[in-house]
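K.L.:
Let me give you the structure first, and then I'll get to my questions.
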Amino acid sequence: MDPFARAHAGFCAAFGTEPVGTVFAPGRVNLIGEHVDYNDGLVLPMPLAVGTAVAYGPADNAAVEVVALDFDQARDRFVPHAVAPHGPADWRSYVRGMACGAPGGVRLAIAGSIPRGSGLSSSASLCVAVGRALALARGEAEPAPRAIALAAQRAEHEWAGVRCGIMDQMAVAAGQDGHALLIDCRTLDTRQVPLPQGWAVLVVQSGVVRGLVDGHYNARRADCEAAAQALGVVSLRDVDAARLATARLDPQIARSAAHVVSEIARVETAVAALEGGDLAALGAVLRASHASLRDLFEVSVPPVDRLVDVLNAAIGKQGGARMTGGGFGGAVVAVMAATEVERVRSALEANYQPPDGSALSSMIERASGTAAGMHA
Ligand code: GLA
């Protein structure tokens, strides 16, 4: 059953009444622009067909009552103005983070289809879907994408302790089927960039589940901030390759900064490639992005590198693959001609085994968006 139907049915079962409505927010895959959002850079994520559905309705008290259908029907019940972050972050932290400070009297049932630990933004999807459901349940208008994205980012910072950028939340809140979303993370201006007809985006799970990454993530972010400070700029967005070449930085910080500065330029190349229908040019920047994340920013891991290599070998010059998301495991994204997908998948089956022993799992997004589907 899809998450929409599961959320609806789960609400009825948990609360003994029909929900007033059900909302959905997608997951996202980042095509390119990795670890640049918190440097005020440009990013190019794309919403996925998988996501989170939240059924909502009124409660006859001041609390928010929640059932999480993917966690054995686990429940939470809290009064929004009386909660504060505590303990390790879990699904409850995100729901509380989105609800805190606002009126209660709401029931929610949550069901999702994003593989956990895959780096496909299950937490941003959860936050945005919950934020929409809470607003509609209170009889308010659905919040604008930018407002809900900022609220979801705040929940991640304050309730989960991850100092993430704004890419995931904006992609989830403002992304459109079959389009990549160019986000200027400094101004939050966005532009929908259609995926050319005949292209396909394949998202493959590496089988390395991301875990305990928050420390690494926050440390990389601190390196970027140190680089900007040493260079006397607000953020690395204000630096170009020439300026970086003459700077005297600690070698590790210099490598991180070199990744960020070159990655922002690659996003611009990628947008031109999408708009010009140039698959070979897009493939070249995807491969360069992976090499930079692996060698300069150092957020890849060997199984992910192997998976990217297998994909790039199978795809050839007409497209390419790279790690996607924060790193240290998770998923890989590949872009190719739609006609090549089955051949590339066969090559994957023959040449890559997820290290956790799981079956190879992938999903496809196409230009129309509607043809997207899971494959496990
Ligand atoms: C995670 C964060 C994003 C972004 C990516 C890396 O997904 O949540 O804000 O920084 O990592 O590009």
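K.L.:
Show the residues, 5+ positions off or on another chain, whose built amide H is closer than 5 Å to the amide H of residue 50.
P.N.:
The answer is 27.
K.L.:
Using label points projected 7 Å from each Cα along Cα→Cβ, tell me how many nm separate residue 116 and residue 17, to one decimal.
P.N.:
My value for the distance between the label points is 3.0 nm.
K.L.:
Report, to the nearest whole %, how much of the accessible area of the chain belongs to carbon and sulfur atoms, 1.4 Å probe, protein only. Working shown, then result.
P.N.:
Numbers: 7750 of 14690 Å².
Carbon with sulfur: 53 percent of the solvent-accessible area.
K.L.:
Assuming R0 = 51 Å, what is the FRET efficiency of residue 356 and residue 102, from their Cβ-Cβ distance, to the nearest 0.05? If you can, show how the numbers build up before the last one.
P.N.:
Numbers: r = 39 Å, r/R0 = 0.77.
Efficiency computed from Cβ-Cβ geometry: 0.80.
K.L.:
Right, next: Counting only Cα, what are the radius of gyration and maximum Cα-Cα distance Dmax of region 186-295, in Å?
P.N.:
Both quantities, over Cα of region 186-295: 16.3, 46 Å.
K.L.:
Continuing with the same structure: Output the antiparallel fraction of DSSP beta bridges having both residues in region 36-109, as a percent to the nearest 5.
P.N.:
On the way: 9 of 13 bridges.
Of all bridge pairs located within region 36-109, approximately 70 percent are antiparallel.
K.L.:
Would you mind computing, in nm to one decimal, how far apart the modelled labels at residue 268 and residue 5 are, each placed 7 Å from Cα along Cα→Cβ?
P.N.:
About 4.8 nm, to one decimal.
K.L.:
What share of Cα pairs, in percent, lie more than 40 angstrom apart in the chain? Let's see the in-between values first.
P.N.:
Details: 9586 of 70500 pairs.
Taking all Cα-Cα pairs of the chain, the fraction more than 40 Å apart is 14 percent.
K.L.:
Using a Förster distance of 25 angstrom, determine the FRET efficiency expected from the C-beta separation of residue 278 and residue 349, and round it to 0.05. Walk me through the numbers on the way to the answer.
P.N.:
Details: r = 29 Å, r/R0 = 1.16.
The pair residue 278/residue 349 has a calculated efficiency of 0.30.
K.L.:
Using only Cα atoms, tell me the angle between helix 3-15 and the longest principal axis of the chain; keep it within 0 to 90° and round to the nearest 10.
P.N.:
30 degrees
K.L.:
In nanometres, what is the gap between the two model label sites at residue 154 and residue 189, each 7 Å from Cα along Cα-to-Cβ?
P.N.:
2.6 nm
K.L.:
Once you charge only the Cβ atoms, +1 for Lys and Arg and -1 for Asp and Glu, what is the size of the charge dipole of region 68-120 about its Cα centre, to the nearest 20 debye?
P.N.:
Numbers: 6 positive and 4 negative charges, 26 e Å.
It comes to approximately 120 debye.
K.L.:
Rounded to whole Å and ordered largest first, report the semi-axes of the equivalent ellipsoid of region 1-113 derived from its Cα gyration tensor (root of 5λ). Working shown, then result.
P.N.:
Working: eigenvalues 155, 74, 27 Å².
They are 28, 19, 12 Å, listed from largest to smallest.
K.L.:
Amide H of residue 178 versus every other amide H placed in the peptide plane: which residues, excluding those fewer than 5 positions away on the same chain, fall under 5 Å?
P.N.:
369
K.L.:
Rounded to the nearest 20 debye, what is the charge dipole size of the chain about its Cα centre when +1 sits on each Lys and Arg Cβ and -1 on each Asp and Glu Cβ? Walk me through the numbers on the way to the answer.
P.N.:
Details: 31 positive and 38 negative charges, 28 e Å.
For the chain, the charge dipole is close to 140 debye.
K.L.:
Assigning unit charges at the beta carbon (Lys, Arg +1; Asp, Glu -1) and nothing else, what dipole magnitude in debye, to the nearest 20, does region 1-74 show about its Cα centre? Write down the numbers at each step before the final one.
P.N.:
Details: 2 positive and 9 negative charges, 33 e Å.
Dipole about the Cα centre, nearest 20: 160 debye.
K.L.:
Could you give the angle, 0 to 90 degrees to the nearest 10, between helix 279-295's Cα long axis and the longest principal axis of the Cα atoms of the chain?
P.N.:
Orientation of helix 279-295: about 80 degrees from the principal axis.
K.L.:
Also: Collect residues whose amide H, placed 1.01 Å from N in the peptide plane, falls under 5 Å from the amide H of residue 199; neighbours closer than 5 in sequence don't count.
P.N.:
Answer set, sorted by chain and number: 338, 367.
K.L.:
What span do the alpha-carbon atoms of region 294-342 cover on each of the three principal axes, reported in whole Å from largest to smallest?
P.N.:
For region 294-342, the Cα extents along the three principal axes come out at 32, 16, 16 Å.
K.L.:
Hey, another quick one. So if each residue of separation counts as 0.36 nm, and I subtract the Cα-Cα distance between residue 144 and residue 247, what length gain in nm does that give? Before the final figure, lay out the partial values.
P.N.:
Numbers: separation 103, 0.36 × 103 = 37.08 nm, distance 4.09 nm.
Length gained between residue 144 and residue 247: 33.0 nm.
K.L.:
Suppose we keep just the alpha-carbon trace of region 253-376; what are its Rg and Dmax in angstrom?
P.N.:
My reading of the Cα-based Rg and Dmax gives 14.6, 43 Å.
K.L.:
Against the longest principal axis of the chain, how steep is helix 214-231, in degrees 0 to 90 to the nearest 10, with axes from Cα atoms?
P.N.:
50 degrees
K.L.:
I've got another one for you. Past the 18 angstrom mark, what percentage of all C-alpha to C-alpha distances in region 54-103 do you count?
P.N.:
Working: 330 of 1225 pairs.
Of the Cα pairs, 27 percent sit more than 18 Å apart.
The values are calculated or read from the model by the stated rules, or taken from the named source; none is laboratory data. The structure displayed is predicted, hence computed values, not measured ones. Neighbour counts run over all protein chains shown; Cβ positions are idealised from the backbone, glycine included. SASA here: full protein model, heavy atoms, side chains in, ligands and nucleic acids out. Shrake-Rupley method; radii C 1.70, N 1.55, O 1.52, S 1.80 Å.
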